[in-house]
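A.B. asks: The structure's right below; bear with me while I get my questions together.
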Amino acid sequence: MVTIVGSAAVLERGDPMAEGSVEQAHVQAPPEGFLRRYVFSLDHKVIGKQYYGLALASVFTGMLLSWLMRIHLVWPAARIPGLELLSKGGAPGGIITPEYYLSLLTMHGTLMVFFVLTNAPFAAFGNYFLPIQIGAEDMAFPRFNMMSFWTTFAAWLVLMLAFFIPDGPPISGWTSYAPLSAVGRDAGPGMEYGMSLWGISIALFCIGSLLGALNFIATTLDLRARGMTLMRMPLSTWAWFITSCIALLAFAVLLPACILLILDRHAGTSFFIPAGLVISDRVQPHAGGSPLLWQHLFWFFGHPEVYIAILPSMGIISHILVNSLRKPLLSHKVVIYSMMSIGFLSYMVWGHHMFLSGMNPTSALAFSFPTLTITIPATVLVLIWLGSLYGARIQINSASLFALGFISMFVAGGVSGFFLAQPSIDIYLHATYFVVGHFHMVMGVASLFGVFAGTYFWFSKMTGRMMDETLGKLHFWITFIGTYCIFMPFHYLGLIGNVRRYQSFVDDFMAPYIGWHKFITVCALLTGAGQLIFLYNLIYSRFKGKPAAENPWNATSLEWSIPSPPPWNNFGGKHPVVYHDPYQYGVKGSKGDFVMQDSPEQVIVSGD
Amino acid sequence: MGKLLAIVLLIIALASAYPIVTNMFELPKDISTHGHAIDEQIKDTMLEAGFSFLGAQLVLAFFVWSFTGRKEGSPLKNFPGGARILVIAAFVLVGTEILALGVMGQKAWANVYFTSPAPGALQVQAQAEQFAFYFRYPGPDGQFGTIHPEKIDEGNQNYFGLDPANDVAARDDIVSGQLVVPVNREVQLLMHAKDVGHSFYVRELRIQQDFVPGLDLSLHFTATEIGKYEIVCTQLCGLGHYNMKAYLNVMSQEDYDNWQKEQSAQ
């Protein structure tokens, strides 16, 4: 006899068999031919892997750029062999010029924020696992899905093209503040064509992300399997769903901003350029625009973007953490509501990037308060994670190490937000290395820890092979200790007033602190080199790893109920039925201390 | 390996706190009348942030130490009080923390931005451009000449685009590459960008303010110590950004008057 615990909702939900689109999908045969299978594939799993590959290419490029910057900062005369081949003007004889440093900085930021932090935790893993975790055969709009990847890929190509044109990449930073970004050639090298490529690339990226976000939302709302109520969705799916809601609104603002920027540059409009500017001895033929408009539009996107980067990782590490604790989190709902509050508040705080921009000083107070308020849901999350560790049987593996490391990193980067959220302190710390340390830790490294955790956890499902655990752990130790050594000192240097975005420390007071910068550079080189272990592990395990079982982690969610790697239509034409909350761990199940979501058996001890 | 993670977490937490506790990275000396409020605010925030950081890392380390490597079948426990107590704790602790910081911090902010300069404040115009700062004093007549962007001519040192031939007020304007101010006298800086966005940052003054093209912004401060301090640009303004700096020269009133005379004579 089958007993269903706490699942009245199963009966309330309509029968998905009646919804035609789902039915029709699996009447089709798997695609044949190389192009349809591997390149222009409509399969969300292939698209997820494509996003992952693009993020991987971007993250190593971005890391290489950061190496060049770090080397140049402490050994300005260092000759980097071969760099002159990439840019004759930017690195004559392999020695980086001040303007090329800014090019590297701009490209590093753009690649990392857009093509890594948005693509990897959200688009890559979300595409691969969101449909499977809710029991769907594919995304709601497979063609949109394919388009969103290929638009993003085009965006990447356009951006990378900037390295190879004579003008070089733009030099105005990833925030591209107007009017520097809007006036064209007069603003310096890279600002004539390179900057236009940046604008086109980001506009394309926005289109790709909008299509992706729409698809995620529709899929989550419409294609859940029978019994998969919203509250039964795993936390990772919740995080992707909330993130796609944020992305839908955020990229919808950045897209027009980029279009206006391109118009200012090429159509003679003046959205962002006021009258009377004299640049390179030329009175600019513009009047009536406002540089603050760009800042408002950019940060209206830019701050939610921080949460687009971090929320999916929060979901991923929660999903993995529960599995390694062997018991549910203290509260499933509180985690979901906290992530929702973070998403909601993320729209009310963009002005904290602009405390010193000359906007009305009263609005600084209005932006400061919600910024501080975000600390509350963030603290709730951290406390729930910490409290859930209590009394658990924590399993240590590469995935759970990165998940635990995520908590540490998120707290370390998060507390410095206390400072920057206060306009009075921001007067002193704005545009110093303190800010660089803050956002690298909380948004960059923490988010990447989620990606690493997700990779070690899901690799077996994606490829059918296990990753090497020894190499994985080694990778964790190097990355965890290394990133602390790099980004903690950034905070300290910020306190003494070390200004960011300088290619050289020309200020007199900096002389005694150059040693710290050398230390950071050495750590960055070592930690970066440690990432090659990860790359090796990825490639080696893909071909030579131990074959993976269906459910190597004794996990409960739907992705572990199907073969590794999953067949073309995920569930082999069957429709999974969901009977339980996602994390039935620490119970007496037929297979061990867990009961899978689609198992009709009775749960003896309910965890929630 | 769980125990090792706990130890590493402990070491990281203590090592991160060490430079702060021992004050290895001291803020530069404050030479302004408003800066002490900002410094206080930084100290208070450091205390609260440090406490949160250490608390979270140590609890994480302790739990990881205690609950890894447990035998199969050892009993699972739940945190006493469950999620409810943690949510309440977050709201109460963090809520009071941000209220306290928020309210106190607004005072320091208000000191800088919600007070008007005294009527007798010394007015100086600051112009930021790629990649230099120029400062203009109104001269004996107390009037600034009008700026004509089309007359700007760096070669002939007409940085502001003045037109002394037709503009009487412009004739006695003093233009200088350094910001010279008398000690203990309030200065109102009228900020003007010639080309792109820049920023005015003097660490010792605890002042940082963007120059925004098209916006006339102003800030005011009183320097309390004679000396020479660096003014740096903190808004990415192009290829020479890193090298865009000038000096703030705080002089005694006497030296300042002499300097003004010298400049006028030129």
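The values are calculated or read from the model by the stated rules, or taken from the named source; none is laboratory data. Just so we're clear, the structure is a prediction, and the values are computed from it rather than from any experiment. Using ideal geometry, Cβ is built from the backbone for each residue, glycine included, and neighbour counts are taken over all protein chains shown.
A.B. asks: Can you tell me which residue is farthest from the chain's Cα centre (by Cα) among those in the range B:68-96 that are assigned to a loop (DSSP other than H, G, I, E, B), more than 7 Å from chain A (Cβ to nearest Cβ) and surrounded by 12 or more Cβ atoms within 10 Å (Cβ to Cβ)?
C.D. replies: Going through the qualifying residues, I end up with B:Gly69.
A.B. asks: Next question. Quick one: is A:Tyr540 within 12 Å of chain B (Cβ to nearest Cβ) and touching a helix residue (DSSP H, G or I) at 6+ places or on another chain (Cβ under 9 Å)?
C.D. replies: No: the conditions fail for A:Tyr540.
A.B. asks: Take the range A:456-479 and flag every residue that is farther than 19 Å from A:Leu321 by Cβ and among the polar types (S, T, N, Q).
C.D. replies: Result: A:Thr463, A:Thr470.
A.B. asks: Looking only at strands (runs of 3 or more DSSP E) that lie completely in the range B:188-266, which have at least 3 residues being over 23 Å from A:Thr432 (Cβ atoms) and more than 7 Å from chain A (Cβ to nearest Cβ)?
C.D. replies: By residue number, no strands (runs of 3 or more DSSP E) qualify.
A.B. asks: Here's something else I'd like to know. Of everything in the range B:27-47 that's touching a Ser or Thr at 6+ places or on another chain (Cβ under 6 Å) and at the interface with chain A (Cβ under 7 Å from one of its Cβ atoms), which residue is farthest from B:Trp109 (Cα to Cα)?
C.D. replies: B:Gln41
A.B. asks: Mind telling me which of the residues A:Gly515, A:Gly530 ends up being under 31 Å from the mean Cα position of the chain (by Cα), over 22 Å from A:Phe129 (Cβ atoms), of a type in the set (Gly, Ala, Ser) and in a helix (DSSP H, G or I)?
C.D. replies: It is A:Gly530.
A.B. asks: Scan the range B:51-65 residue by residue and report those that are more than 8 Å from every other protein chain (Cβ to nearest Cβ) and either in contact (Cβ under 8 Å) with a residue 24 or more places away in the chain or of a type outside the set (Phe, Trp, Tyr) (or both).
C.D. replies: Correct list: B:Leu54, B:Gly55, B:Leu58, B:Ala61, B:Phe62, B:Trp65.
A.B. asks: Just give me the residues in the range A:173-209 being surrounded by fewer than 22 Cβ atoms within 10 Å (Cβ to Cβ), under 18 Å from the mean Cα position of the chain (by Cα) and in contact (Cβ under 8 Å) with a residue 60 or more places away in the chain, in sequence order.
C.D. replies: Passing the criteria: A:Trp174, A:Thr175.
A.B. asks: All but one of (1) under 30 Å from A:Gly227 (Cβ atoms); (2) buried (at least 22 other Cβ atoms within 10 Å of the Cβ) hold for A:Ala140, so report the exception by its number.
C.D. replies: Status for A:Ala140: all satisfied but (2).
A.B. asks: A further question on this structure: Here are A:Gly212, A:Gly168, A:Gly199: which of them is modelled with pLDDT under 95 and either out of contact with any His (no Cβ under 9 Å at 6 or more places or on another chain) or farther than 16 Å from A:Gly90 by Cβ (or both)?
C.D. replies: A:Gly168
A.B. asks: Also, quick follow-up: Does the range B:104-144 hold any residues that are modelled with pLDDT under 90 and either facing chain A (nearest Cβ under 10 Å) or in contact with a Pro (Cβ under 7 Å, 6 or more places away or on another chain) (or both), and which are they?
C.D. replies: Within the range B:104-144, B:Met104, B:Gly105, B:Gln106, B:Lys107, B:Ala108, B:Trp109, B:Ala110, B:Asn111, B:Val112, B:Tyr113, B:Phe114 qualify.
This table checks each residue for (1) facing chain B (nearest Cβ under 7 Å); (2) of a type in the set (D, E, K, R); (3) over 30 Å from A:Tyr456 (Cα atoms).
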| site | (1), (2), (3) |
| --- | --- |
| A:Asn360 | no, no, yes |
| A:Ala364 | yes, no, yes |
| A:Thr373 | yes, no, yes |
| A:Gln395 | no, no, no |
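A.B. asks: Of the numbered conditions (1) over 23 Å from the mean Cα position of the chain (by Cα); (2) facing chain A (nearest Cβ under 9 Å); (3) without any contact (Cβ under 8 Å) to a residue 40 or more places away in the chain, B:Met1 satisfies every one except a single condition; which is it?
C.D. replies: (3)
A.B. asks: Right, B:Leu101: facing chain A (nearest Cβ under 8 Å), touching a residue at least 40 places away in the same chain (Cβ under 8 Å), more than 20 Å from A:Ile374 (Cα to Cα) and assigned to a helix (DSSP H, G or I) or not?
C.D. replies: no
A.B. asks: Could you check, for the range A:74-81, whether at least one of its residues is in contact (Cβ under 8 Å) with a residue 60 or more places away in the chain and buried (at least 24 other Cβ atoms within 10 Å of the Cβ)?
C.D. replies: no
A.B. asks: Still on this structure, I have one more. Assuming B:Gly145 fulfils every condition listed in (1) without any contact (Cβ under 8 Å) to a residue 24 or more places away in the chain; (2) buried (at least 19 other Cβ atoms within 10 Å of the Cβ) apart from one, which condition is it?
C.D. replies: The number of the failed condition is (1).
A.B. asks: With the condition kept exactly as written, say whether any residue in the range A:402-421 is surrounded by 21 or more Cβ atoms within 10 Å (Cβ to Cβ), more than 7 Å from chain B (Cβ to nearest Cβ), farther than 23 Å from B:Val202 by Cα and touching a Leu at 6+ places or on another chain (Cβ under 7 Å).
C.D. replies: yes
A.B. asks: Right, another one. Any idea which of (1) touching a Gly at 6+ places or on another chain (Cβ under 9 Å); (2) closer than 26 Å to A:Trp477 by Cα; (3) assigned to a helix (DSSP H, G or I) is the one A:Tyr428 doesn't satisfy?
C.D. replies: (2)
A.B. asks: Tell me which residues, restricted to the range B:240-266, are in contact (Cβ under 8 Å) with a residue 12 or more places away in the chain, closer than 24 Å to B:Phe211 by Cβ and not polar (S, T, N, Q).
C.D. replies: B:Gly240, B:His241, B:Met244, B:Lys245, B:Ala246, B:Tyr247, B:Leu248, B:Val250
A.B. asks: Check off (1) β-branched (Val, Ile, Thr); (2) closer than 30 Å to A:Arg393 by Cα; (3) buried (at least 22 other Cβ atoms within 10 Å of the Cβ) for A:Ile279 and give me the number that stays unchecked.
C.D. replies: Among (1) β-branched (Val, Ile, Thr); (2) closer than 30 Å to A:Arg393 by Cα; (3) buried (at least 22 other Cβ atoms within 10 Å of the Cβ), A:Ile279 violates only (2).
A.B. asks: Where residues in the range A:376-393 are at pLDDT 95 or above and closer than 13 Å to A:Asn323 by Cα, which of them is nearest to the other protein chains (Cβ to nearest Cβ)?
C.D. replies: In this case the residue turns out to be A:Leu389.
A.B. asks: Restricting to the range A:139-184, what's the tally of residues that are among the hydroxyl-bearing types (Ser, Thr, Tyr) and either farther than 28 Å from A:Phe272 by Cβ or away from chain B (no Cβ under 14 Å) (or both)?
C.D. replies: 3
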